[in-house]
Amino acid sequence: MLKGIWQDFLTIVKEEAGSRVVETWLKAVILKEWDQYHNIIYVEAPNIFVKDWIESKYTDLFKTHLSRLLNTAEPKIIFLGPVQVTTSALQHAAQQVTSPAVMEKGPLHKTKNAVVVAGAHQLGRLNPSYTFETFVVGPNNSLAYAAAQAVAEQLGTQYNPLFIYGGSGLGKTHLLHAIGNYLQKKSPHAVVLYQTTDRFVNEFIAAIRFNKVHLFQEKYRKLDLLLIDDIQFISNKEQTQEAFFHIFNALHDAHKQIVFTSDVFPRYINGLEERLRSRLEWGLVTDIHKPPLETKIAILKKKAASHNEQLSDEIAEYVATEVISNIRELEGSLVRILAFSSLTKQPLSLALAKKVLQSCERPKNDNPVDFSKITQSVCRHYSYKITDLRSNNRSKELALVRQVAMYLMKKMTDKSLREIGSYLGRKDHSTVLYAYDKVNKQVETDKQFKSLIEQLESDILH
Ligand code: ADP
Ligand code: MG
């Protein structure tokens with residue numbers, strides 16, 4: 001009988017608090033016993049961390065609904081700590097989830113593709129080609145560059161945290177790795193970790209599920225330098241923010257350096273707890289802009305040189321003028337030109353460069369469309385800001401603009417509904433599906449609307 005009640009309870013919580021709460025916190029929880037005589041309900045958690053968490057956050061929820069489901073007034077809820085949950089199924093699942101991205105650093109935990117950081121002076125996943133030396137400095141990024149260097153030189157004392165934000169493909173990840181690479185070279189014993197926010201989140205969720213939160217926290221507290229890429233993806237992930245808040249404080253108190261990148265200023269990260277937001281703005285916040293022509297030319301020449309090719313001024317200028325959106329694309333165009341010249345055994349020339357860049361049918365991957373490109377185009381067209389799209393404002397026009405953005409994000413990228421929803425600060429991915437269907441229908445029936453969408457698509461691609 002308790003099992004059925006527990007299922008009903010989970011269904012209700014799912015509706016009220018969202019499925020993430022159930023998935024993250026309540027999945028391994030058991031409704032253990034109901035002592036009717038004393039009116040005490042015993043709930044058993046798989047570990048102390050989960051026990052403390054649900055006790056502090058969800059006691060009222062338990063009380064309200066269990067009392068109703070059990071038809072009793074004012075029950076007392078007692079949360080119990082761990083007993084063993086080491087069923088083979090769980091262990092098997094744990095192995096799958098923990099490899100390779102999760103918990104690989106725990107000294108007690110070895111998986112086959114683990115990069116063990118325990119005691120560790122490993123490069124982690126730093127890309128060795130993203131260094132300060134290979135980064136071209138221009139007026140668009142000189143402040144961020146100087147800050148990154150200062151931080152790498154003097155860990156934890158000057159600007160902590162350092163927060164670098166800017167549009168996609170403008171060199172944020174490059175700078176992040178450069179800091180790590182620099183430190184690794186200077187102090188080989190320093191413990192550096194580069195982590196994307198997505199990986200951080202997954203790792204945290206798996207740590208809870210598999211009772212490894214202590215290892216998770218231990219791993220982060222051991223670091224000298226923590227590099228977190230794309231922190232905007234922590235939006236609306238309440239529990240992860242909580243964990244991160246504590247890790248942040250521990251590292252910061254110990255004068256360990258933290259560097260973040262993001263596509264927006266901290267204030268515009270949607271669904272971010274206030275106290276975490278203020279932490280992100282504590283140190284130095286600096287931005288990267290699109291490069292001016294001269295910087296683009298310098299980058300092209302430097303990249304060509306790294307491929308052992310000389311690029312004439314003429315070609316460099318042409319390519320730099322053609323490619324406007326970002327440096328990732330600039331690099332892509334250059335690589336295509338070099339590849340074409342080498343494959344067809346023709347010398348590099350302006351004519352050849354033109355031919356390659358104008359042979360318009362660019363393969364899709366060469367011109368990756370990302371969320372920010374889409375939202376930028378949509379916002380530009382409708383004169384809104386990305387923060388409007390992410391806001392809760394439900395005005396009719398804004399709702400339509402948001403739906404158009406969602407439609408294009410679904411159509412033009414291979415990202416999941418969930419990712420699209422969360423980028424726009426929407427908790428429920430069914431909103432995205434609904435938007436897609438709605439816009440799709442309108443495209444089929446409304447010619448003007450269709451041409452507008454086509455115009456947006458072409459704007460995004462160029
Ligand atoms: P972001 O993280 O901002 O989206 P990345 O750091 O991934 O962008 O940069 C995209 C590509 O452009 C990378 O290959 C990077 O090396 C290159 N790049 C960006 N900025 C510069 C720069 N100033 N000098 C040299 N290469 C750069
Ligand atoms: Mg990046």
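The values are calculated or read from the model by the stated rules, or taken from the named source; none is laboratory data. These figures come from a predicted structure and were not determined experimentally. Methodologically, a virtual Cβ is constructed for each residue, glycine included, from the backbone with ideal geometry; neighbour enumeration extends over all protein chains shown. For the accessible areas, the whole protein counts, side chains as well, though only heavy atoms, and no ligand, DNA or RNA atoms are used. Shrake-Rupley method; radii C 1.70, N 1.55, O 1.52, S 1.80 Å.
Looking across the range 378-434, just one residue is under 20 Å from residue 451 (Cβ atoms), surrounded by fewer than 19 Cβ atoms within 10 Å (Cβ to Cβ) and among the polar types (S, T, N, Q), and that is 383.
Just wondering, is there one or more residues in the range 247-266 that are on the phi > 0 side of the Ramachandran plot, modelled with pLDDT under 90 and either among the aromatic types (Phe, Trp, Tyr) or not in a helix (DSSP H, G or I) (or both)? Scanning the range 247-266, I find no residue that is on the phi > 0 side of the Ramachandran plot, modelled with pLDDT under 90 and either among the aromatic types (Phe, Trp, Tyr) or not in a helix (DSSP H, G or I) (or both), so the answer is no. The set of residues in the range 178-199 that are open to solvent by less than 10 Å² (accessible area, probe 1.4 Å) and within 16 Å of ligand 1 (Cβ to nearest atom) comprises 178, 179, 180, 195, 197. Could you please let me know if residue 426 is assigned to a loop (DSSP other than H, G, I, E, B) and without any contact (Cβ under 8 Å) to a residue 24 or more places away in the chain? Answer is yes for this residue.
Consider the range 203-235 and keep the residues that are among the polar types (S, T, N, Q) and under 18 Å from residue 53 (Cβ atoms). The one that is surrounded by the most Cβ atoms within 10 Å (Cβ to Cβ) is 211.
Residues in the range 244-286 that are more than 16 Å from residue 224 (Cβ to Cβ) and of a type in the set (Asp, Glu): 263, 273, 274, 281. Scanning the range 38-51 for residues that are out of contact with any strand residue (DSSP E or B) (no Cβ under 8 Å at 6 or more places or on another chain) and assigned to a helix (DSSP H, G or I) returns 48, 49, 50.
Could you grab me the full set of residues in the range 316-335 that are more than 16 Å from ligand 2 (Cβ to nearest atom), open to solvent by less than 40 Å² (accessible area, probe 1.4 Å), within 30 Å of residue 375 (Cβ to Cβ) and part of a helix (DSSP H, G or I)? 318, 319, 320, 333, 334 - these are the residues of the range 316-335 that are more than 16 Å from ligand 2 (Cβ to nearest atom), open to solvent by less than 40 Å² (accessible area, probe 1.4 Å), within 30 Å of residue 375 (Cβ to Cβ) and part of a helix (DSSP H, G or I).
Go through the range 1-19 residue by residue and tally those that are in contact (Cβ under 8 Å) with a residue 24 or more places away in the chain and open to solvent by 60 Å² or more (accessible area, probe 1.4 Å). Adding up the residues that qualify gives 3.
Of the residues making up the range 341-364, those that are at pLDDT 85 or above, surrounded by 12 or more Cβ atoms within 10 Å (Cβ to Cβ) and not hydroxyl-bearing (Ser, Thr, Tyr) number 9. Selection within the range 240-278: residues that are polar (S, T, N, Q) and more than 16 Å from ligand 1 (Cβ to nearest atom). The member of this set that is nearest to residue 218 (Cα to Cα) is 249. The numbered conditions (1) surrounded by fewer than 22 Cβ atoms within 10 Å (Cβ to Cβ); (2) in a helix (DSSP H, G or I); (3) out of contact with any Leu (no Cβ under 9 Å at 6 or more places or on another chain) are all true for residue 243 except (1). Among the conditions (1) under 27 Å from residue 17 (Cα atoms); (2) at pLDDT 90 or above; (3) not hydroxyl-bearing (Ser, Thr, Tyr), the only one that residue 427 does not satisfy is (2).
For the range 222-240: of the residues being assigned to a strand (DSSP E or B) and closer than 27 Å to residue 391 by Cα, which is nearest to the chain's Cα centre (by Cα)? Step by step, filter the range 222-240, then rank; the result is 229. Examine the range 175-185 for a residue that is of a type in the set (Phe, Trp, Tyr) and either modelled with pLDDT of 90 or more or in contact with a Gly (Cβ under 8 Å, 6 or more places away or on another chain) (or both), and state whether such a residue exists. Yes, there is a match, as at least one residue in the range 175-185 is of a type in the set (Phe, Trp, Tyr) and either modelled with pLDDT of 90 or more or in contact with a Gly (Cβ under 8 Å, 6 or more places away or on another chain) (or both). Among the residues of the range 130-177, the ones that are under 23 Å from residue 247 (Cβ atoms), within 16 Å of ligand 2 (Cβ to nearest atom) and not in a strand (DSSP E or B) come to 6 in all.
Every residue, every condition in (1) free of Cβ contacts under 8 Å to residues at least 12 places away in the same chain; (2) of a type in the set (Lys, Arg); (3) in contact with a Phe, Trp or Tyr (Cβ under 8 Å, 6 or more places away or on another chain); (4) open to solvent by 10 Å² or more (accessible area, probe 1.4 Å), yes or no:
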residue: 268; (1), (2), (3), (4): no, no, no, yes
residue: 277; (1), (2), (3), (4): yes, yes, no, yes
residue: 283; (1), (2), (3), (4): no, no, yes, yes
residue: 286; (1), (2), (3), (4): no, no, yes, no
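Each row is one residue, and each column tells you yes or no for (1) in contact with a helix residue (DSSP H, G or I) (Cβ under 7 Å, 6 or more places away or on another chain); (2) over 23 Å from residue 302 (Cβ atoms).
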| position | (1), (2) |
| --- | --- |
| 320 | yes, no |
| 327 | yes, no |
| 337 | yes, no |
| 342 | no, no |
| 414 | no, yes |
| 434 | no, yes |
